[in-house]
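Engineer: Mind having a look at this structure? Questions to follow.
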Amino acid sequence: MKAIHLPSSFIPDPSTLTPTHIPTPIPKDDEYLIRITHCSPQHADILHAQGKHQNNNAKRGWCFPPFVLGYDFAGVVCTVPTTAASSIGGGDSGDGVRMRKADMVFGAAIGAFAEYICVKRSAVRRVPEGLSNETACAMVGQAVSYASVVQIAKVRPGETVMVSGASGGLGGVCCMVAKALGARVVALVGDEGKAALMRGSMGDVGVDAVIVMREGGGREWIEEVMAFTEGKGVDVVLDNTGVVDDALRCLAYFGRIVILGFAARKGVMEEVKMNKLLLKSATVVGYRFGESGRRFPDELEKIWEGYLGMLQEGRLKPLLYGRYDGLEDVGRALGDLAARKVYGKIVVKIANEEETAKL
Ligand SMILES: NC(=O)c1ccc[n+]([C@@H]2O[C@H](COP(=O)([O-])OP(=O)(O)OC[C@H]3O[C@@H](n4cnc5c(N)ncnc54)[C@H](OP(=O)(O)O)[C@@H]3O)[C@@H](O)[C@H]2O)c1
């Protein structure tokens with residue numbers, strides 16, 4: 001099969017990656033073989049390729065050469081496991097739905113930039129009624145956003161929520177979920193171009209204010225946030241980029257900050273003086289979606305139910321950027337992500353759903 005394979009070392013510039021031919025994987029007794037129809041490159045894939053992510057772990061064998069890059073995908077079931085528990089969704093299962101050959105599925109597992117992937121039941125879900133593989137693929141990674149707004153920040157109607165990296169995959173959905181809960185949302189974006197796109201798609205994202213926070217720029221944006229909140233500050237910050245120190249300056253008293261990611265930190269973590277937290281009686285909480293789901297599977301199921309429900313009701317919509325066709329386009333997609341061109345999510349089409357359904 002064709003795959004974006006890193007045979008022996010990490011790679012500094014993932015935009016140079018091209019597909020090569022490697023053997024099609026053979027599923028173990030408890031695994032499904034999936035023909036991938038779509039994959040969705042994200043910021044973490046860049047770090048995985050460069051060896052800069054906490055998942056680049058030689059001991060656990062995750063994301064350590066030789067490995068196939070990629071995480072989020074949608075596809076069609078080619079073969080089901082031979083062990084009964086796995087095929088009905090028992091054992092390590094997620095949603096408990098029986099999976100059959102030719103079912104459309106979506107999920108996340110290392111190795112998604114390929115034509116085929118072998119996964120356990122817990123890594124995939126059936127594409128819900130009324131959604132396409134493209135939509136499911138674009139949205140698979142953002143259950144994180146739903147959980148951070150609903151379960152971690154516990155956003156209440158009427159609260160003001162600020163989202164950093166709002167033009168990104170997680171950020172855009174954080175905005176939509178917070179709006180769906182009745183919050184006022186302030187979106188922070190990196191430049192005027194993305195601000196214009198965000199303002200233009202207010203029907204989809206529906207934020208109340210879009211504020212530009214330029215990399216290496218001044219702190220005017222903090223004054224804009226304070227003006228928008230009439231001097232009170234925001235109740236909740238969902239931080240995708242690593243701006244806790246600055247966010248504390250425009251946080252309301254007793255405000256909450258949820259740390260989701262560090263997209264703007266270039267691998268250098270920020271240091272925050274603890275007295276700043278005390279002075280505002282602030283709560284700062286980290287949230288690691290994957291590990292939380294592994295430790296608390298029942299909670300994970302509630303998250304998926306709520307998130308997919310919002311998607312099916314049309315309260316959340318994928319924001320798709322550009323057009324990417326085939327594994328040959330994965331390098332370009334990763335380059336566009338790294339260059340911060342992307343607004344919303346990239347989905348790369350790898351095969352036709354209709355054709356693969358006949359497998
Ligand atoms: N906590 C979890 O469980 C979890 C799960 C998945 C991912 N993450 C992490 O969450 C973060 C956001 O993920 P994502 O998928 O939303 O990423 P994404 O789609 O690449 O979006 C990140 C956004 O950050 C902004 N940004 C600011 N400075 C940047 C820089 N120097 N380089 C790249 N982007 C920059 C960009 O918007 P502007 O250009 O408009 O500023 C971009 O849209 C990442 O750090 C990711 O690793 C966390």
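Engineer: Which entries in 52/232; 28/52; 266/349; 52/341; 154/266; 154/280 show an alpha-carbon gap greater than 26 Å?
Structural biologist: 52/232; 28/52; 266/349; 154/266
Engineer: GNM on the chain, C-alpha springs below 10 Å: top fluctuator among 282, 58, 195?
Structural biologist: Result for the chain, Cα springs under 10 Å: 58 fluctuates most.
Engineer: Now for a separate question. Quick check: pseudo-label points 7 Å beyond the Cα along Cα→Cβ at residue 129 and residue 338, how many nm apart are they?
Structural biologist: Label at residue 129, label at residue 338, 4.4 nm between them.
Engineer: Mind checking the full-extension length gain between residue 57 and residue 28? Use 0.36 nm per residue of separation minus the Cα-Cα distance, one decimal, nm.
Structural biologist: 8.2 nm
Engineer: When you have a sec, figure out the Kirkwood radius of the stretch 142-290 from all distinct Cα pair distances and drop it here in Å to one decimal?
Structural biologist: About 14.9 Å, per the Kirkwood formula over Cα pairs.
Engineer: Please work out the average accessible area per residue across the stretch 180-316, using the 1.4 Å probe convention, and give it in Å².
Structural biologist: Heavy-atom accessible area per residue stands at 52 Å².
Engineer: What FRET efficiency comes out for residue 270 versus residue 223 if R0 is 22 angstrom and r is the Cβ-Cβ distance? Round to the nearest 0.05.
Structural biologist: Once rounded, the FRET efficiency stands at 0.60.
Engineer: Now for a different question. Out of the stretch 288-359, which GluC sites (Glu not before Pro) are coil in DSSP terms and have no more than 10 other C-beta atoms within 10 Å?
Structural biologist: Those satisfying the criteria are 313.
Engineer: Continuing with the same structure: Taking 7 Å along the Cα-to-C-beta vector as the label spot, tell me the residue 312-residue 82 distance in nanometres, rounded to one decimal.
Structural biologist: For the pair residue 312/residue 82, the computed spacing is 3.5 nm.
Engineer: In nm², what is the average projected area of the convex hull enclosing the Cα atoms of the chain?
Structural biologist: Averaging across all directions leaves 17.3 nm² for the Cα convex hull.
Engineer: Report the calculated FRET efficiency for residue 253 and residue 18 (r = Cβ-Cβ distance, R0 = 51 Å), to the nearest 0.05.
Structural biologist: 0.45
Engineer: Can you find, among 243, 225, 117, the residue farthest towards the positive end of the dipole of the chain? Put +1 on the C-beta of Lys and Arg, -1 on that of Asp and Glu.
Structural biologist: Of the candidates, 243 comes out farthest on the positive side.
Engineer: Once every DSSP H run of n ≥ 4 in the chain is given -39500 (n - 2.57) and the sum is divided by its residues, what mean residue ellipticity at 222 nm do you get, rounded to the nearest 500 deg cm²/dmol?
Structural biologist: -8000 deg cm²/dmol
Engineer: Quantify, in whole percent, the carbon and sulfur part of the accessible surface of the chain (1.4 Å probe; protein heavy atoms only).
Structural biologist: Carbon plus sulfur share of accessible area: 54 percent.
Engineer: Among 197, 264, 318, pick out the residue whose Cα is farthest towards the positive end of the charge dipole of the chain, where Lys and Arg carry +1 and Asp and Glu carry -1 on C-beta, about the Cα centre.
Structural biologist: 264
Engineer: Note the full-extension length gain between residue 278 and residue 156 as 0.36 nm times their separation in residues minus their Cα-Cα distance, in nm to one decimal.
Structural biologist: Between residue 278 and residue 156, full extension yields an extra 41.6 nm.
Engineer: Further question: When the chain is modelled as a GNM with alpha-carbon springs shorter than 10 Å, which of 214, 60, 184 fluctuates the most?
Structural biologist: 60
The values are calculated or read from the model by the stated rules, or taken from the named source; none is laboratory data. Everything numeric here is computed off the predicted structure, so don't read it as measured data. Ideal geometry is used to build each Cβ from the backbone, glycine not excepted, and the neighbour counts take in all protein chains shown. Heads up: the accessible areas ignore ligands, DNA and RNA and are worked out on the full protein's heavy atoms, side chains in. Shrake-Rupley method; radii C 1.70, N 1.55, O 1.52, S 1.80 Å.
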